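The values are calculated or read from the model by the stated rules, or taken from the named source; none is laboratory data. No experiment lies behind these values; they were computed from the predicted model shown. Positions of Cβ are generated from backbone atoms using ideal geometry, with glycine treated the same way; all protein chains shown enter the neighbour counts.
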């Protein structure tokens, strides 16, 4: 069989690009750094959205929509925020055929404009917590764009909440971190994540604490899959978000923000993809079972099989394009990563069988027609777990425990290093950064998320990152 | 009871603004013409999206996502298109801290950028039809913005398809018109629409034919609720969308586009709203039954009732905020337009009853607790129809048949006029336009949609419009 993709071991970035093109997931847009998400990629994004949206709503947040355009002056109200985002802004200077009196920025994130409205809507402690989320596009000018990972425009959800005190804000930032993000990534995307605290150097511009979920990609590098921020009272002061407490005092609120984006699609590809293409975890997959008519003459049987699978709750697609060579269709199905392929051919069918092909391990099993539904359900359930286990195994194998920054930098050539944070510190972090290695996050020794980087005996994860 | 809204009869535009503010549906954004869609408004939009998305997918189109930013040069490739949209463009001139070599426009609609990719993706007749849709924000600079109706940024879906011949393109533009748009508007939004053909003057910039769905608002004016366009080969020529036919010849494709937007929310308000607030059709409503604890002490009974309603498939919300006066909560429920209110109070409950309040006609019916579920289901079903019937009755009452343009202009003071198109023509249309009256659409005498404005015996609908 001709080689379809550049093998990962040969050139991982090239393999990533090839896969995105050949699986028809996305394309580069005409304006540098933008992307077109094609139907095969967008269908996966819709499933990611739907699962994430359910979790965000279960956590009590309500969806809303705030404007794309933000007065440039808003960004200047929070000093760190404007410093962090200024280099990435797209600026609108003309509207309706005229030069604008004041320049407008295309939102890079919405803390500022949402802060303005929180200030309008909140007056009493009874209005708190205010829990908002929006699904939107944002723009951050990228000099070195890479599809799904760093694009000038991307799609995401951004949550923004206001609370009466710091403890409530912290609890909610962590609730989203674990109940929405971690649960989604682990149980839907089948991606193991290390959940921890960012160092001061890696914090979101304007945050007091940033929590993160870090995943290891197939080449041993890290991808930040999502972040949740405590913003302290920084934005509440900048936008005058105040409330009257039960005792009658006027207080500033405490706010949080948290985001996850189309970057997760990049993580999905780089975590689960293999040299034949994408592998989509069954629980996520828009198409779980891909039923293929091998040759003309068995279309009715294939259609009946689809119907039975559909009735059993399986998301099914039928491929009856017998005018296209079967080999080409099979290669395409591998590329797109459908979890299970059911090949319906006249010869097998004469013996009462179809062939069940599992994308995860490539196994091909002749299966009696009457047992197909239960075999597919069993495969979907097993392969959801198998993909997670495989990714976790890689991460454990490629993570080494070391005791110095120098050794951590060396280990980052192939994976991650776990180092005592006390052996790194601000100086060691700068040294690592100079070598292209970053502190991905800090955790406690038991893996739980610390309250601050000053806690004793913290573990630092170091690695190279996308 | 204090008056909550300006009555419609006194000042319809003011009533509309009041309602949007007091029902907390939306707010004006800080950049002129932009809007914030608040949770109560966005929840309705999510339901509109979900119902529309189902219909679009059932019609065979796949969702994708194309970039927000379009090279300005793209718009210039189709002469009518650029002429139509130039006055409304927002232009990005700076990105990443630098002036851009070429200006970029924020998409006002995406025919151009999608045309560019159709050209890349289509090569053979086997690739056709190509049926795409996207949910996105678009920007059209508005000098006289009005929330939901005309805003500088709005949310919509825009479908874009390519076909092998004109007949197939036409059939698909009409399939969306009827099976997605008309069906959604009639059966979900409960808004009667006149479906017809736009005149040449009212056509989309770059289209050969534009089909429209027009609804009458509570003040007798028209609102264009959605449009579907045949684009002929205009964009196929401009973007070189060609395919090789089965016979081996290289041909230009025929394309369509169609859109429906957050404007439908404006239509919903102005079609069904009354002097007490919004009335949301039950099938659309995010909250169908609003269960209110009148006074403390009956919370458990109310919660149990919610659970029973939920089990019966009713979308329910519980209001147990007994620290807020009941009257205020009831006024708020009227404003928000929940179809059915179930008031659970200790006195009624002692007699085995709750009070069922229907938003459509304001009726209050003591109902035995055991019969609440069936009574709610019956009310939801009846009121979906009642709202449609009421809107249709208004339209029929306020539509007059006349035989001259002068009479049509006069009739437009209170509603619509039906006039023979032969009595209007291009000259009559210009005369009406000068008076602020437009030809909303053309239909055949039997109400069906004509193929061209040159068919004999067409009926023109004239009126004032939003």
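Tally the residues that are without any contact (Cβ under 8 Å) to a residue 40 or more places away in the chain and within 28 Å of the chain's Cα centre (by Cα), restricting the search to segment A:431-446.
8
Output the number of residues of segment B:172-199 satisfying the condition of being outside any helix (DSSP H, G or I) and in contact with a helix residue (DSSP H, G or I) (Cβ under 9 Å, 6 or more places away or on another chain).
9
Out of A:343, A:296, A:251, I need the residue that is over 26 Å from the mean Cα position of the chain (by Cα), assigned to a strand (DSSP E or B) and surrounded by fewer than 18 Cβ atoms within 10 Å (Cβ to Cβ). Which one?
A:251
In segment A:374-385, what residues are out of contact with any strand residue (DSSP E or B) (no Cβ under 9 Å at 6 or more places or on another chain) and buried (at least 18 other Cβ atoms within 10 Å of the Cβ)?
Residues satisfying the conditions are A:377, A:384.
Output the number of the condition that residue A:18 fails; it satisfies all remaining conditions of (1) touching a residue at least 40 places away in the same chain (Cβ under 8 Å); (2) assigned to a helix (DSSP H, G or I); (3) more than 11 Å from chain B (Cβ to nearest Cβ).
All conditions are met except number (1).
Looking at B:178, B:184, B:160, which is the one that is in the same structural domain as residue B:111 (by TED's automatic domain parsing) and under 19 Å from residue B:450 (Cα atoms)?
Sole residue among the options that is in the same structural domain as residue B:111 (by TED's automatic domain parsing) and under 19 Å from residue B:450 (Cα atoms): B:178.
Inside segment B:96-123, can you point out the residues that are crowded, with 24+ Cβ neighbours inside 10 Å and at pLDDT below 95?
Within segment B:96-123, none qualify.
In this structure, is residue B:47 under 24 Å from residue B:176 (Cα atoms), at pLDDT 95 or above, more than 13 Å from every other protein chain (Cβ to nearest Cβ) and part of a helix (DSSP H, G or I)?
no
Does residue A:289 satisfy the condition of being within 27 Å of residue A:17 (Cα to Cα) and surrounded by 23 or more Cβ atoms within 10 Å (Cβ to Cβ)?
yes
Checking the structure you have, find out if any residue of segment B:450-463 is closer than 19 Å to residue B:191 by Cβ and surrounded by 13 or more Cβ atoms within 10 Å (Cβ to Cβ).
yes
Inspect all residues belonging to segment B:12-28 and state whether any of them is modelled with pLDDT of 95 or more, at positive phi and surrounded by fewer than 24 Cβ atoms within 10 Å (Cβ to Cβ).
Yes, segment B:12-28 contains a residue that is modelled with pLDDT of 95 or more, at positive phi and surrounded by fewer than 24 Cβ atoms within 10 Å (Cβ to Cβ).
For segment B:260-286, how many residues meet the condition of being touching a strand residue (DSSP E or B) at 6+ places or on another chain (Cβ under 9 Å) and either over 17 Å from residue B:357 (Cα atoms) or surrounded by fewer than 22 Cβ atoms within 10 Å (Cβ to Cβ) (or both)?
11
Working carefully through the options A:31, A:36, find the one that is at negative phi, under 18 Å from the mean Cα position of the chain (by Cα), in the same structural domain as residue A:142 (by TED's automatic domain parsing) and not in a helix (DSSP H, G or I).
Of the residues listed, the single one that is at negative phi, under 18 Å from the mean Cα position of the chain (by Cα), in the same structural domain as residue A:142 (by TED's automatic domain parsing) and not in a helix (DSSP H, G or I) is A:36.
Among the listed residues B:173, B:169, B:164, which satisfies the condition of being closer than 18 Å to residue B:125 by Cβ and crowded, with 24+ Cβ neighbours inside 10 Å?
Checking each option against the conditions leaves just B:169.
Of the residues B:277, B:232, B:248, which single one is free of Cβ contacts under 8 Å to residues at least 24 places away in the same chain and at positive phi?
B:248
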